[in-house]
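Taking it in order: structure first as C-alpha cells, then the write-up.
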Amino acid sequence: MAESKPTVKPRNHPGSGRRRGAEHPKGRQIDPQALEEVQSLLGPRSRQRDLLIEHLHLIQDKYHHLSARHLAALADEMKLAQTEVYEVATFYAHFDVVLEDETPPPALTVRVCDSLSCALFGADKLLGDLKTKLGDGVRVMRAPCMGGCHNAPVVAIGHALHEHATLASVTASVAKHETHPHLPDYPGFDAYRVGGGYKLLEDCLSGRRDVEDIIKIMENSGLRGLGGAGFPTGRKWRFVRAEKGPRLMAINADEGEPGTFKDRHYLEVDPHRFLEGMLIGAWVVEAPDVYIYLRDEYPQCHEILRREIAKVEAAGLARMTRIHLRRGAGAYICGEESAMLESIEGKRGLPRHKPPFPSQVGLFGRPTLINNVETVFWVRDIVEKGADWFLSHGRNGRKGLRSFSVSGRVKNPGMKLAPAGITVRELIDEFCGGMAEGHTFKGYLPGGASGGILPASMDDIPLDFGTLEQHGCFIGSAAIVIMSDRDDMRYAALNLLKFFEDESCGQCTPCRVGTEKVVKLMERPSWDEATLQELAKVMTDASICGLGQAAMNPVKMVLKHFRGDLA
C-alpha cells in the first residue's frame, strides 16, 4: 500500500497554526514618521491611560486635526487599542478626526457661538457673513456657548475668545492671526499674599486649624454647591471624609450651561482665592491629588492657572496635594459630575448610573470630593469672617450671596454678586441699570438653558434654591437670560432644544432620540402639543442624567406661559 502524502496547507490557511498577521498584520499599521512625531510631542510626559485626552490636545494643537496615522501612533505609544483612542477622539467636539480618504480642515477655524444670548445679538447673521467674507481658506462653523454671554456675540478665532464680535472685527483679527488667548489683568501670587492670602491654608497645614472646626463653619454657613445641584458643602465634605481612604478631589470648572460665566469671572479676577479654597478642601478630606477639570473654551483661564499653580507649588503650599490641571474638549455633558470623572480618566464623557455616588466611588474608583469653582472660592471668606457674615446677606427670607451671570436685554450685563433671594426685577433695576433702551421686559431664564423660562409677570419670585421648582423651573448655576418684547419665545425654545440635541451624549435612548424628535416637531409650522407633552414625560422620567431630564423645561414653559408666540 502506497504511503499517503500529508496535505500541505497554505501558510495563512485557518488551520495552519500560523497567525494571519505573520505577513499581513490586521488593522491599521503604524507609520514610523507619525510615531516619531507623536513621541516628540509627548516627550517625557507619562503615557498613563488617563492622559489620553491631554495627549490628543497636544496633537490637535500642533497639526490642527487628528489624522488616522497619528491616532494609530498614539494608541501604540500608550499601549491602547486603536478603537479606544478613536472612540474618545470622536466623542469630543474640539477634536477633528480625519481619516485617510478625507481632506483635513483648514489650519484656522472660526467658531461662532449660536447659543441663546449670542443668537439674540445677531449670531446667525454673523455666521453667514463670515462664511462669505472669509472664504475657503478659513473654516467657519457654529459652536455652543463659550462663556461670553455678557459680551455677545462671541466668536472663537483659533483658540482665542473674541467678544462683541462684528464682521469687521473678526475679519481684522483673522488677517492679523490673532489666534492666541488674551490674558486679563489679575492679582498674581505675590499680590494675593500681600492681602493675607494663603495664611488660612498655612494654618491648616501646620495644625493651627482643626478639621472639625472648618467643617462646622462650612456647615453653619449654609453654603451649597454652586455648580447647580445645590448640595450643602459642609455636609459633602463630612461625607467624603468619612469614607475609607485614599480619597481624591475634583473641581468642576466645566460651566457649559448656556448663559453661565461666573466661574470664568472668578478665575480671571482672583484665581488664588479659588486655589486656596480648593487646597483647604483637599486638606479637609486628606486628598493627595486634586484634579481641576477646565472647559476648553477658557484658554485664558488655563494659562492663568498653569502659571499660578506653578508658583503655589514652588512656595510649598501644595506639599500635601498634587494639583492636576485637565482640559475638557468641548462636551457640555461633562458638566455632569460623573461624566466629568469619566473624562478626567481619559474616556468618553458618559454619565454613570447612581448609586454608587462619587463621594463613595468616584475618580479612579476612590471616594471623591467634587466642588464647583465658586463653591471653593467662598471658603476663605467664610472661614475668616465667620458663618454669620455669609448668613447676614440675603433677601426675601433667603440667606447668603449668589453670583448671577446676567445676559440678554439689559443695559449692563455681566456677573452680578447679589443677595440670595433677590428677584429678577430687583436684579435688573439695581444691578443691571434696567432694561436695554427700547426693550420691554417679557421673560427670563432663571437657570440657564435647562432651568426653564418664566414670564415678566412672575418677576417677584426670590431667586434661590427651592423657590422656583414649584413653577417648573430651577436656578441651577444662576444663569439669568433676560428677554424682551422683541424676542420670540418659540425661537428661543427651539434654540435651546437644538443645543440639547447636539450635546446629548447618546448613551440613553430617551435623551438621544427624544431631543432629535422634539426638534423636528418644533420646526413644524404648528406644534403637536400632545406628542411634545408625551415626549417630555418620557425624557424626564427615563433619562440617565440631568440633560435629558431637564431638556424639555423650555418647551413646557413656552406652552404654559407664552402661547401667544405659538400662533
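Annotation: Tyr491 carries an accessible surface of approximately 90 Å², with a 1.4 Å probe and no ligand, DNA or RNA atoms counted.
Counting 0.36 nm for each residue step from Phe364 to Glu313 and taking away their Cα separation leaves a gain of 16.0 nm.
Extension gain for the segment Thr166 to Glu178, taken as residue separation times 0.36 nm less the Cα-Cα distance, is 2.8 nm to one decimal. Sorting the segments 392-400, 545-553 by their mean number of nearby beta carbons within 10 angstrom, highest to lowest, gives 545-553, 392-400.
Here the Karplus relation 6.51 cos²θ - 1.76 cosθ + 1.60, evaluated at θ = phi - 60°, turns the backbone of segment 82-92 into coupling constants of 4, 5, 4, 5, 5, 5, 6, 4, 7, 6, 9 Hz, with x for every Gly and Pro. The distance between label points at Leu58 and Val194 comes to 3.8 nm (points 7 Å beyond Cα on the Cα→Cβ vector). The DSSP beta bridges internal to the chain are antiparallel in roughly 45% of cases. Cysteines in the chain lacking any other cysteine Cβ under 4.7 Å from their own Cβ: Cys145, Cys149, Cys204, Cys301, Cys334, Cys432, Cys473, Cys505, Cys508, Cys511, Cys545.
Candidates (i) 25.7, 110; (ii) 22.7, 69; (iii) 25.2, 88; which is the computed Rg and Dmax of the Cα atoms in Å? Comparing each candidate, only (i) matches the computed number.
By the scheme Lys and Arg +1, Asp and Glu -1, what is the net charge of all other residues having a beta-carbon under 11 Å from that of Ala34?
Working: positive: Arg28, Arg69; negative: Asp31, Glu36, Glu37, Asp76, Glu77.
Net charge around Ala34: -3.
Ignoring the sites themselves, what is the longest stretch of the chain with no GluC sites (Glu not before Pro) in a DSSP loop and at most 12 other beta-carbon atoms within 10 Å? Let's see the in-between values first.
Working: sites that count: Glu3, Glu23, Glu100, Glu102, Glu437, Glu523.
With a cap of 12 other Cβ atoms within 10 Å, the longest stretch comes to 103-436.
Label sites at Glu523 and His353, each approximated as a point 7 angstrom past Cα along Cα to Cβ, lie 3.4 nm apart. On a per residue basis, segment 440-567 carries 38 Å² of accessible surface, using protein heavy atoms and a 1.4 Å probe.
Taking all protein chains together, Lys131, Lys354 sort by accessible area into Lys131, Lys354, largest first [probe 1.4 Å]. Taking amide H as placed 1.01 Å from N in the peptide plane, the amide H of Asp254 sits under 5 Å from that of Arg295, each at least 5 places away or on another chain.
Calculate the FRET efficiency for Glu430 and Glu100 from the Cβ-Cβ distance with a Förster distance of 56 Å, rounded to the nearest 0.05. Present the calculation step by step, with values, prior to reporting the outcome.
Values: r = 60 Å, r/R0 = 1.07.
Plugging the Cβ-Cβ distance into 1/(1 + (r/R0)^6) gives 0.40.
Can you list which of the trypsin sites (Lys or Arg not before Pro) found in segment 153-234 are DSSP loop residues with at most 15 other C-beta atoms within 10 Å? Listed in order of number, the matching sites are Lys176, Arg208.
Place a point 7 Å from Cα of His471 in the direction of its Cβ. Which residues in segment 391-427 have their backbone N less than 11 Å from it? Inside the label zone: 423-425. Gain on full extension, evaluated as 0.36 nm per residue between His393 and Arg45 minus their Cα-Cα distance, stands at 120.6 nm.
Over all orientations, segment 405-446 has a Cα convex hull whose mean projected area works out to 2.7 square nanometres. In this structure the amide hydrogen of Leu401, modeled in the peptide plane, comes within under 5 Å of the amide hydrogens of Ala420, none closer than 5 places in sequence on its chain.
Quick check: net charge around Asn252, other residues with Cβ under 15 Å of its Cβ, Lys/Arg +1 and Asp/Glu -1?
On the way: positive: Arg224, Lys236, Lys262, Arg264, Arg295, Arg326, Arg327, Arg352; negative: Asp254, Glu255, Glu257, Asp263, Asp296, Glu297, Glu336, Glu337, Glu342, Glu345, Glu374.
Charge balance in the 15 Å sphere: -3.
Mean separation of Cα pairs under 8 Å and 6 or more residues apart, divided by the residue count, gives segment 69-145 a relative contact order of 27 percent.
Considering only protein heavy atoms and a 1.4 Å probe, what is the carbon-and-sulfur percentage of the accessible area of the chain?
Numbers: 12180 of 24180 Å².
C and S fraction of accessible area: 50 percent.
Under 5 Å between amide hydrogens, built in the peptide plane, is the criterion, and for Val98 it picks out Leu66, Ser67, Ala68 among residues at least 5 positions away or on other chains. Looking at segment 342-387, none of the chymotrypsin sites (Phe, Trp or Tyr not before Pro) sits in a DSSP loop with at most 14 other Cβ atoms within 10 Å of its own Cβ. Please list, in order, the residues from segment 278-310 whose amide nitrogen is less than 19 Å from a point placed 7 Å along the Cα→Cβ vector of Asp210. Correct set: 281, 283-286. Annotation for Lys385 and Glu534: the two label points, set 7 Å from Cα along the Cα-Cβ direction, are 5.4 nm apart. The mean of 1/r over all distinct Cα pairs in segment 330-376, once inverted, gives the Kirkwood hydrodynamic radius of 10.8 Å.
Grab the other residues whose beta carbon is less than 12 angstrom from that of Glu308, score K and R as +1, D and E as -1, and report the net. Can you show the working numbers first?
Working: positive: Arg193, Arg273, Arg306, Arg307, Lys311; negative: Asp190, Glu268, Asp270, Glu276, Glu303, Glu313.
Residues close to Glu308 contribute a combined charge of -1.
In the context of the full set of protein chains, residues of segment 308-349 present 34 Å² of accessible surface per residue (probe radius 1.4 Å, heavy atoms only). Evaluated at q = 0.12, 0.19 Å⁻¹, the base-10 log of the normalised Debye intensity for segment 132-278, with identical point scatterers placed on the Cα atoms, takes the values -0.72, -1.25.
The values are calculated or read from the model by the stated rules, or taken from the named source; none is laboratory data. Owing to the predicted nature of the structure, the values given are computational and were not obtained by experimental measurement. As a convention, Cβ positions derive from the backbone with ideal geometry for all residues, glycine included, and neighbour counts pool all protein chains shown. For accessibility, only protein heavy atoms count, side chains too; no ligands or nucleic acids. Shrake-Rupley method; radii C 1.70, N 1.55, O 1.52, S 1.80 Å.
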